[in-house]
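Take this structure first; my questions come after.
The values are calculated or read from the model by the stated rules, or taken from the named source; none is laboratory data. Computed from a predicted structure; not experimentally measured. Note that we place each Cβ from the backbone using ideal geometry, even for glycine, and neighbour counts take in every protein chain shown.
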Amino acid sequence: MKITAQEVNKLRKATGAGMMDCKKALQEAEGDMEKAIDILRKKGQKVAAKRADREAGEGVVLAKVSDDKTFAASVMINCETDFVAKNQDFIDFVKSVTDLAVANKAKDKDELNALMLDGRSVAEHITEKTGVIGEKIQLGDYQVVEGESVHAYIHNGNRIASIVAFNKAGDFDEAGKDVAMQIAAMDPVAISEADVPEDVKKREIEIGMDQARQEGKPEAMLERIAMGKLNKFYKENTLLAQAFIKDSKQNVADYLKSKDADLTVTAFKRLALAV
């Protein structure tokens, strides 16, 4: 049967697939638009399976805060090449997924994948993108924070995003952006010393003792030296103890106290594409 250019263009706008792919799908579907969409989706599934072993190291990372400022989400959708990651249509797709996640306050990747966007699930859309773009596309990571007030920061280039929750509501937009930027730049391992996992503490102590031993320090002093190194690790790698990037004379905890005596961080997440 004859397929018109108008029909091909309509399918192309609906799916983002190439003109020839759309024409072939419509011919196979005998002009049925819904069947043609399904054919393109099936093509995407085949491509997804074929490219499952490919490395999807590029992508887009975005973050957003809910209207009530109590929920924030960060979404990473990966692709294979920088060319795709910088494509505005791909960026807009990640933005639509992020908007959907925040609007529905999705708690994890499974909830996000199941959410419906324009009549299809997020997971189905991602599969379709694989077929249309011809690269492996995947939901690389998804993180959320909740709190009395939450804030987000997206670094230029959409490669790093961070979200942070405070223990108090109020006019803390400037502080929120500053602390989220700190998280993006300095990549802390925990909020404070108390939040550092025990295995990380143990590893740092072992490394410190081994370094001191190699330097010829007496065995009796090794643990004390290692504890000193651990305290330095806390200062450099826990958020509240880190030197504030905008004023190194104070740490992040002191900066927050300058905004409100009781203000502190209750949760944070940082998503970043591999360097």
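Looking at the structure I just gave you, is residue 114 within 18 Å of residue 270 (Cα to Cα) and at pLDDT 85 or above?
When the stated conditions are applied, residue 114 does not pass them.
Turning to a different aspect of this structure: So which of 189, 179 is touching a helix residue (DSSP H, G or I) at 6+ places or on another chain (Cβ under 7 Å) and surrounded by fewer than 21 Cβ atoms within 10 Å (Cβ to Cβ)? Break it down into steps so the answer makes sense when it comes.
On the way: 179 fails: surrounded by fewer than 21 Cβ atoms within 10 Å (Cβ to Cβ).
None of the other options fit; the residue is 189.
Restricting attention to region 29-47, and to residues there that are in contact (Cβ under 8 Å) with a residue 60 or more places away in the chain and buried (at least 19 other Cβ atoms within 10 Å of the Cβ), which single residue is nearest to residue 10 (Cα to Cα)?
So, considering only residues that are in contact (Cβ under 8 Å) with a residue 60 or more places away in the chain and buried (at least 19 other Cβ atoms within 10 Å of the Cβ), the one nearest to residue 10 (Cα to Cα) is 40.
Now, a different point. Taking region 220-250 as the region of interest, how many residues are under 17 Å from residue 183 (Cβ atoms) and either touching a residue at least 24 places away in the same chain (Cβ under 8 Å) or surrounded by 18 or more Cβ atoms within 10 Å (Cβ to Cβ) (or both)?
Going through region 220-250, the residues under 17 Å from residue 183 (Cβ atoms) turn out to be 234-248, 250.
Adding the requirement that they be either touching a residue at least 24 places away in the same chain (Cβ under 8 Å) or surrounded by 18 or more Cβ atoms within 10 Å (Cβ to Cβ) (or both) leaves 234, 237-242, 244-246.
Here the count works out to 10.
Determine which single condition residue 170 fails, assuming it passes every other condition in (1) in contact (Cβ under 8 Å) with a residue 12 or more places away in the chain; (2) not assigned by TED's automatic domain parsing to the domain that holds residue 74.
Against the list (1) in contact (Cβ under 8 Å) with a residue 12 or more places away in the chain; (2) not assigned by TED's automatic domain parsing to the domain that holds residue 74, residue 170 comes up short only on (2).
Right, here's the next one. Report yes if some residue within region 243-255 is within 21 Å of residue 195 (Cβ to Cβ) and among the acidic types (Asp, Glu); otherwise report no. Give the steps one after another, and end with the answer.
Within region 243-255, the subset within 21 Å of residue 195 (Cβ to Cβ) is 243-245, 250-255.
After this cut, where a residue has to be among the acidic types (Asp, Glu) as well, the list is 254.
Within region 243-255 (the criterion being within 21 Å of residue 195 (Cβ to Cβ) and among the acidic types (Asp, Glu)), the answer is yes, since at least one residue qualifies.
Same structure again: If you scan region 154-203, which residues turn out to be in a helix (DSSP H, G or I), basic (Lys, Arg) and over 19 Å from residue 236 (Cβ atoms)?
Applying the first criterion (in a helix (DSSP H, G or I)) to region 154-203 yields 173-186, 193-195, 198-203.
Restricting the remaining residues to those that are basic (Lys, Arg) gives 177, 201-203.
Answer for region 154-203, where residues must be in a helix (DSSP H, G or I), basic (Lys, Arg) and over 19 Å from residue 236 (Cβ atoms): just 177.
Among the listed residues 149, 162, identify the single one that is of a type in the set (S, T, N, Q), more than 17 Å from the chain's Cα centre (by Cα) and buried (at least 16 other Cβ atoms within 10 Å of the Cβ).
Values: 162 fails: more than 17 Å from the chain's Cα centre (by Cα).
Exactly one of 149, 162 is of a type in the set (S, T, N, Q), more than 17 Å from the chain's Cα centre (by Cα) and buried (at least 16 other Cβ atoms within 10 Å of the Cβ), namely 149.
Filter region 196-216 down to the residues that are loosely packed, with under 14 Cβ neighbours inside 10 Å and either touching a strand residue (DSSP E or B) at 6+ places or on another chain (Cβ under 8 Å) or closer than 18 Å to residue 250 by Cβ (or both) and list them by number.
Taking region 196-216 as the starting set, the residues that turn out to be loosely packed, with under 14 Cβ neighbours inside 10 Å are 197-199, 202-203, 206, 210, 214-216.
Of everything in region 196-216, just one residue is loosely packed, with under 14 Cβ neighbours inside 10 Å and either touching a strand residue (DSSP E or B) at 6+ places or on another chain (Cβ under 8 Å) or closer than 18 Å to residue 250 by Cβ (or both), namely 197.
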